[in-house]
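Below you'll find the structure, written out as structure tokens, and then a few comments.
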Amino acid sequence: MANTTHTGRGAQDAMRETADKARDTAGHVADKAKDFAGQAREAGGQMVDKAKDMAGQAVDRAKDMAGQAVDRAKDMASSGADKARELASSAGQKASELTSRMGSGMESLGGSLRENAPSGVVGNVANRVAENLEHGGQFLQQEGLQGIADEMTSMIRRNPLPSLFVGIALGFLLAKATRS
């Protein structure tokens, strides 16, 4: 029986030893699991930080690109406005040149009419027409289109009702002419 007790104790010792080894192994596995979890948390944190950095960089790039697009749009609008000013200035200069040429032509026509006018009543009428052509030509050369606009404005202010009737008549005539 002493042998059985000894054998029973040996089995208990073996079981204790196996249990101790199992506890040590479980503790070791738990420590490894904790280390792995810590590494995973750290890697996850790094990934989150990296994702935040990448998102921040993407936002910054988007802002830069939007700013560049706005700058380009402003440049294009400015360029378009400059072109429009150039075209308007060019058109104004051409209109001024044409008005001056027309005035010169009227003045020249008045001079030719005066030189070739017959004598008598027809000659007097021709001289008056020539004089009016010359004065009108000089006015166009000196004042241009702005002078015509100023003179028309002044005349309309001095004679509002007749100007209104003339405007209505011109509108009626234009409507008739465009319908046909």
Discussion item. With only alpha-carbon pairs counted, each pair once and no self-pairs, how large is the Kirkwood hydrodynamic radius of the chain in angstroms?
Written reply: 27.9 Å
Worksheet item: Which whole-number percent is the relative contact order of the chain (Cα, under 8 Å, 6+ apart)?
Response: 15 percent
Practice prompt. Compute the long axis of helix 121-158 from its Cα atoms, compare it with the longest principal axis of the Cα atoms of the chain, and write down the angle in degrees, 0 to 90, nearest 10.
Written response: 30 degrees
Worksheet item: Per-residue HN-Hα couplings for segment 33-39, Karplus 6.51 cos²θ - 1.76 cosθ + 1.60 at θ = phi - 60°, whole Hz, x for Gly and Pro?
Response: 5, 5, 4, 5, 4, x, 5
Worksheet, complete the sentence: Contour minus Cα-Cα span, T153 to M76, at 0.36 nm per residue, comes to 23.9 nm
Response to the item:
Quick P(r) readout (segment 127-180; Cα-Cα; 10 Å bins; whole %) gives 21, 29, 38, 12
Practice prompt. Could you count how many Lys pairs in segment 2-179 have their Cα atoms under 26 Å apart, skipping same-chain pairs fewer than 8 positions apart?
Written response: 8
Worksheet item: Going by alpha carbons, how many degrees (0 to 90, nearest 10) lie between the helix axis of 160-179 and the longest principal axis of the chain?
Response: 70 degrees
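Every read-out reported here was derived from the displayed coordinates using simple, explicitly stated rules and does not represent laboratory data. These numbers come from a predicted model, not from an experiment.
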